[in-house]
Amino acid sequence: MKVLITGAASGIAYLTALTLAERKHEVYLTCHTEKEVLNVKEKVKDYKNIKVLKVDITNKEDRKKVLDLNVDVLYNHAGIGVSGSILDVKIDDVRKNFEVNVFSSFSLLQMVLRQMVDNNHGRIVVMSSLSGEIPIPFLGVYSATKASITMMVKALKMELRTLDTNVQVALIEPGLYHTGFNHYIIDGKYNDSKYFKEIKDILYEFEHSFLFLAEKKELDSIVVQIIRAIEDDKVKKVYRAPITQSLLVKLYNIFK
């Protein structure tokens, strides 16, 4: 199969690209900048079935490139995180987070999905997060983008059932993994806080200690779920990992 992965310069998406290539799929690995493209090309030069492309999903012309590939699978992974209190966060940062994670991501999804429905063939795999299922203080904006993604995908899956189509949509909800992303989005988020500056050091230490204990160090468990979402004959409602964090979400939804 031909698989396109957005935002795959590093982390979970990058490892997924390598795994798919090893499983003999043809992989289009996309990066946000030309600098990332050059770096990744060097790292994957021994993989003849990986092509590295520059696709900034917020750029309309970049999104149009994807249609020429006529892929079997789109794995929508690209995203960013905005952190901080709802009291303090700048509205422009809120807009940016939704622009990347929701509006641009779904603009690309919509374009590719229409092509797939017209061809009666294809699959969309969308990266959301367990944080879209549970409210997390000081990550409300990021969690809100993921909750939006989750609801839109669930609605889309219901809509596709009313069509006579072979196109399927899969939802991925990972928990905390040690990719550097979580630390990046929490570092410095209290520096400009008006309301929490007196306790910012306490909050900072607590969050980093929590990540040290909670983050899954190996990425294999979530990559396995993504591969299943791509290769399963019939997709599940949602693919989650790691299992312990997934169980906590289920318990939260029962007792909230």
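The values are calculated or read from the model by the stated rules, or taken from the named source; none is laboratory data. Note that the structure is a prediction, hence the values are computed from the model and not measured. Here the Cβ positions follow ideal geometry from the backbone for every residue, glycine too, while neighbour counts run over all protein chains shown.
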Hits in the stretch 114-140 - residues which are within 20 Å of residue 58 (Cα to Cα) and either touching a strand residue (DSSP E or B) at 6+ places or on another chain (Cβ under 6 Å) or modelled with pLDDT under 95 (or both): 124, 125, 126, 127, 128
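Take residue 170 and decide whether it is at pLDDT 85 or above, over 18 Å from residue 114 (Cα atoms) and aliphatic (A, V, I, L, M). I'd like the intermediate steps shown before the answer.
On the way: at pLDDT 85 or above: yes; over 18 Å from residue 114 (Cα atoms): no; aliphatic (A, V, I, L, M): yes.
No; evaluated as a whole, the condition is false for this residue.
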The stretch 29-51 residues that are under 25 Å from residue 104 (Cβ atoms), paired with ones that are among the acidic types (Asp, Glu) (beta carbon under 6 Å, 6 or more apart): 32/56
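Rundown of residues vs (1) more than 28 Å from residue 227 (Cβ to Cβ); (2) free of Cβ contacts under 8 Å to residues at least 24 places away in the same chain, yes/no style:
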| position | (1), (2) |
| --- | --- |
| 95 | yes, yes |
| 125 | no, no |
| 130 | no, no |
| 190 | yes, no |
| 198 | yes, yes |
Criterion violated by residue 209 - all others in (1) surrounded by fewer than 18 Cβ atoms within 10 Å (Cβ to Cβ); (2) closer than 26 Å to residue 5 by Cβ satisfied: (2)
Residue 52 modelled with pLDDT of 95 or more, in contact with a helix residue (DSSP H, G or I) (Cβ under 6 Å, 6 or more places away or on another chain) and either outside any strand (DSSP E or B) or not acidic (Asp, Glu) (or both): yes
Counting only residues that are over 16 Å from residue 87 (Cα atoms) and either of a type in the set (Lys, Arg) or in contact with a Phe, Trp or Tyr (Cβ under 6 Å, 6 or more places away or on another chain) (or both), how many does the stretch 170-214 have? 1
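Yes or no, residue by residue, for (1) surrounded by 16 or more Cβ atoms within 10 Å (Cβ to Cβ); (2) small (Gly, Ala, Ser):
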{"position": "4", "(1), (2)": "yes, no"}
{"position": "8", "(1), (2)": "yes, yes"}
{"position": "21", "(1), (2)": "yes, yes"}
{"position": "28", "(1), (2)": "yes, no"}
{"position": "34", "(1), (2)": "no, no"}
{"position": "46", "(1), (2)": "no, no"}
{"position": "52", "(1), (2)": "yes, no"}
{"position": "55", "(1), (2)": "yes, no"}
{"position": "60", "(1), (2)": "no, no"}
Identify, from the list 226, 185, the residue that is at pLDDT 85 or above and surrounded by 12 or more Cβ atoms within 10 Å (Cβ to Cβ). 226
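Could you check how many residues of the stretch 55-91 are part of a loop (DSSP other than H, G, I, E, B) and under 17 Å from the mean Cα position of the chain (by Cα)?
Quick first cut of the stretch 55-91, residues part of a loop (DSSP other than H, G, I, E, B) only: 55-59, 70-72, 77-90.
Now narrow it down to the ones that are under 17 Å from the mean Cα position of the chain (by Cα): 55-58, 77-83.
Here the count works out to 11.
Residue by residue, here is whether (1) more than 24 Å from residue 73 (Cα to Cα); (2) touching a Ser or Thr at 6+ places or on another chain (Cβ under 6 Å) holds:
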site: 186; (1), (2): yes, yes
site: 198; (1), (2): yes, no
site: 201; (1), (2): yes, no
site: 223; (1), (2): no, yes
site: 235; (1), (2): no, no
site: 239; (1), (2): no, no
site: 246; (1), (2): yes, no
site: 256; (1), (2): yes, no
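The rows are residues; the columns are (1) of a type in the set (A, V, I, L, M, F, W, C); (2) under 16 Å from the mean Cα position of the chain (by Cα); (3) exposed (fewer than 15 other Cβ atoms within 10 Å of the Cβ).
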position	(1), (2), (3)
161	no, no, yes
167	yes, no, no
181	yes, yes, no
190	no, no, no
222	yes, yes, no
230	yes, yes, no
236	no, no, yes
253	no, no, yes
